[in-house]
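The values are calculated or read from the model by the stated rules, or taken from the named source; none is laboratory data. Values in this document were obtained by computation on a predicted structure and should not be read as measured data. Here Cβ is always computed from backbone atoms with ideal geometry, including for glycine, and neighbour counts include all displayed protein chains.
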Amino acid sequence: GAVVSQHPSWVICKSGTSVKIECRSLDFQATTMFWYRQFPKQSLMLMATSNEGSKATYEQGVEKDKFLINHASLTLSTLTVTSAHPEDSSFYICSASILEETQYFGPGTRLLVL
Amino acid sequence: SQQGEEDPQALSIQEGENATMNCSYKTSINNLQWYRQNSGRGLVHLILIRSNEREKHSGRLRVTLDTSKKSSSLLITASRAADTASYFCATHTGYSTLTFGKGTMLLVSP
């Protein structure tokens, strides 16, 4: 149980395009979903916390207009990287929480912006 | 900001040996969690230890927590090549967010 999926698993795009990443909780309803970013050989950095039906809470330094988060249902959250640039290339991981203690992580999405 | 700091940064051992990783943190916590990440993959939750607990076991994993020293350790006994991964501690401070440490890369050689 507690499976989280992400789609796509990896994407290559041209600079200036927008990329949407989906995060789904497959067998449970998640009250909260989280989006992280991870650079090679580094730890996870929380980007934003998302609750269903409300606006996401962004961490300091994360541009909300650059990284659009939509949490339309208890099983789906999306992250859209708008007008992506090479410096946005990274590994993006989502997680979903039931009791807000344990987070269940998706497999991650690797983004490469050319 | 990162709260947890793991050490060592990297650990290389032989199969069958035990692996110990440490994590230190700075502020009061509700619980501390350990996660594992295989290269290029998502995180897998290993174990959660609450602030009022001192030790917890799960299979070959043993976690200790010393809130007076703000530190935790993860022991993997009888390691296997399949244990090769990065291990992260993460602290939960009462809000819903987790703060991750920098991780320890464990290499278990056959």
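Couple of notes before you dig in:
- One residue from B:48, B:74 being at negative phi, modelled with pLDDT of 95 or more and under 10 Å from the mean Cα position of the chain (by Cα): B:74
- Of residues in segment B:22-53 being hydroxyl-bearing (Ser, Thr, Tyr) and more than 24 Å from residue B:105 (Cβ to Cβ), the one nearest to the other protein chains (Cβ to nearest Cβ): B:51
- Annotation: of all residues in segment A:10-29 being under 17 Å from residue A:114 (Cα atoms) and part of a loop (DSSP other than H, G, I, E, B), the one that is nearest to the chain's Cα centre (by Cα) is A:18.
- Scanning segment A:1-18 for residues that are more than 10 Å from chain B (Cβ to nearest Cβ) and crowded, with 19+ Cβ neighbours inside 10 Å returns no hits.
- All of A:5, A:43, A:73, A:25 fail the test of being of a type outside the set (A, V, I, L, M, F, W, C), without any contact (Cβ under 8 Å) to a residue 40 or more places away in the chain and under 16 Å from residue A:107 (Cα atoms), apart from A:43.
- For the residues B:78, B:85, the requirement of being touching a residue at least 24 places away in the same chain (Cβ under 8 Å), surrounded by 15 or more Cβ atoms within 10 Å (Cβ to Cβ) and not hydroxyl-bearing (Ser, Thr, Tyr) singles out B:85.
- For residue A:34, the criteria (1) without any contact (Cβ under 8 Å) to a residue 60 or more places away in the chain; (2) part of a strand (DSSP E or B); (3) within 14 Å of chain B (Cβ to nearest Cβ) hold in every case but one, which is (1).
- Any hit, segment A:97-104, residues being within 12 Å of chain B (Cβ to nearest Cβ), in a loop (DSSP other than H, G, I, E, B) and hydroxyl-bearing (Ser, Thr, Tyr): yes
- Index of the failed condition, residue B:42 passing every other in (1) at positive phi; (2) at pLDDT below 95; (3) not acidic (Asp, Glu): (1)
- Residue check: residue B:64 meets all listed conditions (1) touching a strand residue (DSSP E or B) at 6+ places or on another chain (Cβ under 6 Å); (2) surrounded by fewer than 18 Cβ atoms within 10 Å (Cβ to Cβ); (3) in contact (Cβ under 8 Å) with a residue 60 or more places away in the chain but one, namely (3).
- Note on segment A:77-96: among residues that are within 12 Å of chain B (Cβ to nearest Cβ) and aliphatic (A, V, I, L, M), the one that is surrounded by the fewest Cβ atoms within 10 Å (Cβ to Cβ) is A:93.
- Criterion: within 8 Å of chain A (Cβ to nearest Cβ) and either of a type in the set (S, T, N, Q) or more than 19 Å from residue A:98 (Cβ to Cβ) (or both) - qualifying residue of B:70, B:56, B:102: B:102
- Note on segment B:19-110: enclosed strands (runs of 3 or more DSSP E) holding 2 or more residues that are not hydrophobic (A, V, I, L, M, F, W, C) are B:19-24, B:31-37, B:43-50, B:55-58, B:61-66, B:71-76, B:85-92, B:104-109.
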